[in-house]
Structures are given as C-alpha cells and as structure tokens.
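The structure appears below as structure tokens.
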Amino acid sequence: MEVEHLEILDFLRSHQPFRDLPEEVLAGVASRVEISYFKAGTPILEFGQEIDALHVVRSGAVEIFRRNGELYNRLSEGGIFGEFGLLRNRRVRFPATALEDSLIYLIPEPVFSELFEQFELFADFVEIEDRTRLRQAVSRREDANELMTAKVLTLVQRDPVVIGVQATAQQACQKMSEESVSSLLIVNDTAENRENTSPMAGIITDRDIRNRLVTPGLDYSTPVAQIMSTELVTVEHNQLVFEAMLLMLRHNVHHLPVLKNHRPIGVVAISDIIRYESQNSLFVVSSIFRQNDVEGLQSLRADVRSCFLRMVNEDANSRMIGSAMAVIGRSFKQRLLELAEEQLGPPPVPYCFLALGSMARDEQTIVTDQDNALILDNHFDPQQHDEYFQKLAAFVSDGLAACGYTYCTGGIMATNRQWRQPLHAWEACFRDWIDKPTPQFLLNSSIFFDLEGVWGKTQWADQLNDLIAHRARRSSRFLACMARNALGRTPPLGFFKDFVMEQDGKHSNSINIKRRGTAPLTDLIRVHSLAIGSQARNSFERLSDIIDAGILPSGRGPDLRDALEFIAMVRIRHQALSLQEAEEPDNSVVPEQLSDFERKNLKDAFQILSNAQKFLKFRYQPGRVN
C-alpha cells in the first residue's frame with residue numbers, strides 16, 4: 001500500500017464511523033479516497049448541486065448551513081458531511097463552506113452505499129449523528145418564503161429557442177411564432193465563433209421587434225443583428241428566483257437567459273416568475289373567491305396541483321402542506337356556498353356547513369374525497385325547508401366533485417338526509433354515540449368527531465366540539481371501544497419487520513400508506529386526545545396536548561410526532577411524484593421504489609406505530625380510570 005493510502009488508513013482508524021469497520025474493508029476504503037483542498041471562505045457544497053461522495057474533514061474547519069443561510073453546524077478534523085444528500089436524492093441538502101483552509105477526504109458514493117448497506121453501526125452513525133435517526137429524517141423547515149429559497153432552475157421549462165446571427169428579422173419572427181415564445185436567443189453560428197465559450201450574440205424579444213423594427217418601419221429582411229439586444233443580462237441556474245426578479249427590476253428587462261457552465265440552458269421571463277408566484281396557496285385561495293361559476297372554480301384544479309407540487313419540491317413539511325391544502329378545500333366550499341345562495345336565494349333558516357375528516361384536521365393531501373354535513377337551526381321544519389337545503393347540498397357536492405374532490409363512497413355528505421340535522425338532533429346523536437358505543441356509532445364517531453364549521457353559524461360547530469370534549473373523557477367504556485376500533489388497522493410489518501404488502505388487485509406488492517400508516521396513527525392520537533379532553537383537531541396539535549398531559553411513557557410523544565411526519569411525507573412525496581410523471585396520484589406506495597433511507601426510516605416509523613397501538617390497548621380498558 002502506498003504511503004499516502006497508509007496515512008489515510010491511519011486517519012480513518014481513529015475516527016467514527018470508520019473505526020469499527022473490519023481492517024480489510026477499511027483498507028479498501030482508504031485506497032478509493034480522493035483528496036480535495038479548499039481555501040478559507042470557499043464554497044465546498046452548494047444547495048441542490050449533485051453530490052457523489054461522502055466528505056470527511058482531514059484538517060481545517062467547515063461550516064454547514066441550512067438552505068435559508070442559518071448556521072447548522074461547525075465541523076473539525078474527523079467530521080463528516082454530505083451524507084443526507086447521498087441518502088436522499090444525491091442532491092446537497094446542507095451547503096458547506098470552508099471556514100479555514102481545509103483538506104477534505106472524498107469517499108465515492110458507491111463505497112459509501114456499500115458501507116451503509118453492509119455495516120449497521122456505520123449506517124446508524126451516519127443517520128443518527130447526535131439525534132435519533134427518525135428525528136433527523138423529519139427535521140422541518142419553517143421558512144416558507146419560496147421566492148427567497150427557490151432556485152432559478154425550477155422555472156426553466158424548456159431548452160432555449162435560438163437562431164443564427166445571420167438570420168433576418170422575418171425569420172426570427174416566424175421562429176418565435178412557430179415555437180410560441182416571446183424571446184429568441186441569437187447565437188454565433190459562424191465557423192470562427194463555434195468554439196466560443198459563450199455562443200450567445202444577443203437576444204430578441206417581442207418588445208425589440210415592436211420598438212426597433214415595426215416602429216421605425218424597417219424592412220422585414222433586416223438582419224436580426226441590427227435589432228437584437230447585445231448587452232445581455234443573464235442569471236446562473238443556481239441563483240435564487242428572488243435574485244432573478246431583482247435583476248429584471250434593476251435592468252428593466254423582461255427576459256433572462258439562464259446559464260450553466262457559461263452556456264444557455266433556457267430563458268426565464270417575467271411571466272414565469274408571476275406564474276410561479278401564482279402557485280402560492282394564498283394566490284390560489286384568492287383566485288377561488290374571484291370565480292363567478294362552477295366552471296371557473298373547476299379551471300383552478302391545475303393550480304391546486306401545482307401549488308401542492310411546489311410545496312413538496314421546496315421541502316415544506318406535512319403540517320404546512322396539509323394546512324394549505326385544507327385551506328384551499330375550505331375555500332372551494334365557501335365559494336360554492338356563496339354561489340349556491342346567489343342561485344337559490346337566502347336560506348329559510350340559519351345553517352352551518354361542516355367540513356369533516358382530514359379537511360377539519362388541516363391534514364389534507366391532493367388525494368381526497370369530500371366529507372361534509374349540515375347543522376340546521378332548531379326551528380328547521382323538513383316539510384317547509386328541506387327542499388332548499390337538499391338543493392344547496394347537491395350544488396356544493398357536485399361543485400366539489402367538479403373541482404377534484406370526489407364523492408364520498410360512504411355517503412358522508414350533506415346530500416344524505418341523515419347528515420342534514422338540526423343542532424339539537426346532532427347533540428342527541430353525539431350523546432348516543434358516546435353513551436352507547438355500538439360498532440356503527442364508533443365508526444360515526446371516528447368520522448364526525450373531527451369537525452369544523454366552514455360557513456354560516458360556525459359557533460354551532462364549536463358547541464358540538466365542546467360536547468365531545470367534555471362527555472367523551474368521562475366515559476371509560478367509550479374510550480375503550482374507540483381504542484379497540486383504532487387497533488383494526490395495523491402497520492404493515494411482518495414478524496421479521498419486513499413490509500407486508502397488498503397481494504391482490506391493481507396495487508399488488510404495494511402498501512396503502514394511508515390505510516396502514518397515517519390513518520391508524522390519526523385514530524390512536526384521536527383516542528388519547530378524547531381521553532384528556534383536548535379540543536385540538538390537528539393531529540400534531542393533539543399530540544402536543546397529549547405530551548403536556550403526561551399520559552404517554554417518556555419519549556413516546558415525540559416519537560409519535562416524528563413517525564406521523566415521516567409517514568405523511570412518504571405519502572405526500574409519492575403523490576407528488578405521480579403528478580410529475582403525469583399519472584393519477586393515489587396512496588399505494590411500492591417499497592422497492594423508495595430509497596434505502598426511506599425504507600429504513602419507514603420501518604422505524606411503523607414500529608413506533610405498532611408499539612403505540614400496544615400501549616393504547618393496555619391503557620384503555622372498560623372500567624379503568626384513564
């Protein structure tokens with residue numbers, strides 16, 4: 001072995017996670033290590049760039065940052081970084097800069113992956129560092145100002161449309177029309193310029209044609225070189241969208257060529273930035289309330305999906321995504337109710353329109369059906385008034401279906417006469433469901449005990465939530481029955497902690513991540529929440545109340561929170577990937593299509609769920625004071 005490799009081997013022997021590797025394995029790693037030197041202040045890794053090696057600090061010091069620029073960690077000799085990018089999608093997650101002149105060992109990705117797969121201690125160290133593996137996996141970004149964090153590359157939709165510098169203005173206009181673009185890059189296509197580092201000679205836009213060709217009355221055969229803009233303002237592919245917008249404002253231009261390695265890979269227009277901002281959830285909500293008919297609302301389906309996809313791609317956590325999608329869903333309901341009242345006239349008696357399930361909990365994804373109901377004034381007379389509310393419910397339900405919220409197959413909709421009730425009838429129902437927990441009443445409770453008023457007399461919804469919170473906690477029998485019901489859906493782990501998958505139907509060899517993951521977690525959290533009288537609806541908020549109440553064994557509450565976040569994000573990312581591939585999203589995840597990192601952490605999360613279900617069964621038994 002060469003002297004240099006022996007020095008690397010001695011270094012690795014003295015630092016984790018290499019110290020415990022077999023000697024022959026360690027020697028093989030040392031022989032594959034590459035060495036890089038970085039001067040103080042030099043970027044080592046930039047957010048979003050491809051990464052192909054684990055980085056080990058041989059000497060010097062390195063600062064690791066969050067993507068918003070906040071300092072995350074400082075590493076000295078023996079510190080490792082870049083592991084999270086290698087484990088996720090081979091893109092840098094945490095940028096790194098040399099604080100001092102630094103020597104860095106680079107362990108190639110194939111070597112890293114082999115060590116990760118074969119040696120448990122190595123994998124645990126890499127994933128756990130100074131926190132639990134799952135906790136690190138679900139670390140959350142709270143900064144949601146996407147303009148300040150998104151890269152220009154996310155706006156590039158196609159290769160640049162170009163034409164040679166020898167072309168005429170007419171040829172340029174024809175090409176712009178054929179390609180449906182508002183700008184054209186002019187390239188040096190002469191023999192002497194083909195090897196030029198930058199092939200761009202200029203750019204021509206609709207504005208150039210208007211101001212420099214049509215207004216002066218030049219002939220269409222005018223060379224494009226005479227009317228193009230030659231003082232190009234460009235932007236790098238890894239700059240921020242915010243920086244691109246500032247460049248446009250500063251130089252009064254509407255088009256920016258996007259460069260990578262000094263060559264154009266696309267053009268970003270001011271309309272792209274406006275369109276990008278239109279995918280913001282607040283923009284979508286404001287658009288909903290500007291629509292004057294169901295057809296207008298239906299036209300926003302693509303915007304809703306784009307909003308969902310954008311949040312996923314920019315690492316929003318499940319709570320942010322679930323809340324935004326629920327706000328959008330409630331906004332559709334509210335606008336549809338406004339339109340219904342415009343069409344049907346004012347209601348004969350006051351009412352409250354309810355959202356149920358994931359929309360009420362602020363946990364909605366892009367795959368959802370509609371669960372809703374109506375609370376009617378106690379003076380409601382079916383003979384006089386029900387025809388109006390039947391039509392109102394049908395208008396809203398049909399409108400929601402047109403907007404992408406499918407009809408509930410179980411009939412949990414206000415179109416069902418059973419779920420259009422006066423307030424006193426709802427109160428009687430809820431008391432019966434708690435006091436006489438039959439199988440059907442328990443099923444109803446698991447659906448209707450997550451409720452929120454979205455229109456009308458919303459204080460009635462608050463009254464029902466008060467009734468639930470005060471009555472359920474006093475009934476050990478009801479809680480025991482709800483707990484038993486919550487155990488009906490178990491996590492998909494076999495005896496040896498392998499995944500147990502669906503074996504028939506079109507989703508064979510997959511896991512329904514909602515039915516076997518998020519739903520049973522939501523169910524057991526609801527039981528604990530009812531037991532302590534919490535009035536929170538969101539599962540994360542309920543967990544906070546549960547942790548504060550001290551009813552779980554030490555550490556179990558944070559574990560449940562991390563498990564819920566991780567499973568929810570696997571589900572959300574699966575749906576986002578389907579949208580990106582122009583497929584209809586669903587809840588069926590194929591484990592083989594997940595990364596090793598995701599599979600390992602998913603098993604951890606399912607094990608936490610399994611343990612939580614065992615505790616639930618132990619804690620809630622008939623007659624026991626909870």
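Rule-based calculations on the coordinates, nothing more; no lab input. Remember, it's a predicted structure, so these values are computed and weren't measured experimentally. Glycine gets a Cβ as well: all are built from the backbone with ideal geometry, and neighbour counts include every protein chain shown.
Compute the acute angle (0 to 90°) between the alpha-carbon long axis of helix 23-32 and the principal axis of greatest extent of the alpha-carbon atoms of the chain; round to the nearest 10°. Tilt of helix 23-32: around 50 degrees. Dipole of the chain computed with +1 at Lys/Arg Cβ and -1 at Asp/Glu Cβ about the Cα centre; of A53, L86, Q171, farthest Cα towards the positive end is L86. Taking the Cα centre of region 380-483 as origin and assigning +1 to Lys and Arg Cβ atoms and -1 to Asp and Glu Cβ atoms, the resulting dipole is close to 360 debye. Taking a ≥ b ≥ c as the square roots of the eigenvalues of the Cα gyration tensor of the chain, is the shape rounded (a/c under 1.5), prolate (a/b larger than b/c) or oblate? Since a/c reaches 1.5 but b/c is at least a/b, the shape of the chain is classed as oblate.
Summary of packing: across the peptides 606-613, 68-75, the per-residue average of other C-beta atoms within 10 Å ranks them, highest first, as 606-613, 68-75. Simple point charges give the picture: +1 on the Cβ of Lys and Arg, -1 on the Cβ of Asp and Glu, and for region 340-387 a dipole about the Cα centre of about 120 debye. The long axis of helix 301-313 is offset from the longest Cα principal axis of the chain by roughly 70 degrees. Helical runs (DSSP H, four residues minimum) scored at -39500 (n - 2.57) apiece and divided by the length of the chain put the mean residue ellipticity at 222 nm at -14000 deg cm²/dmol.
Peptides 209-221, 450-462, 566-578: what's the order by average Cβ count within 10 Å, highest mean first?
566-578, 450-462, 209-221
The long axis of helix 423-435 is offset from the longest Cα principal axis of the chain by roughly 90 degrees.
Summarising the amide proton neighbourhood of L493: residues at separation of 5 or more, or on other chains, whose placed amide H is nearer than 5 Å comprise V500. Remark on T222: its backbone amide H falls under 5 Å from those of A169, Q170, a criterion applied only to residues 5 or more positions apart or on other chains, H modelled at 1.01 Å from N.
What you get for the chain, charging only the Cβ of Lys and Arg (+1) and of Asp and Glu (-1), is a dipole of about 2220 debye around the Cα centre.
Give the shape of region 29-96 as rounded, prolate or oblate, defined through the alpha-carbon gyration tensor: a ≥ b ≥ c are the square roots of its eigenvalues, a/c under 1.5 means rounded, and otherwise the shape is prolate if a/b is larger than b/c and oblate if not. Judged from the Cα gyration tensor, region 29-96 comes out oblate (a/c at least 1.5, b/c at or above a/b). Within the straight-line cut-off of under 30 Å between alpha carbons, the lysines reachable from K175 are K151, K260, sequence neighbours fewer than 8 places apart in one chain being disregarded.
Peptides 252-261, 509-518 ranked from most to least packed, by the mean per-residue count of other Cβ atoms within 10 Å: 509-518, 252-261.
Residues whose amide H falls under 5 Å from that of R91, counting only those 5 or more places apart or on a different chain, are I51, with hydrogens built in the peptide plane.
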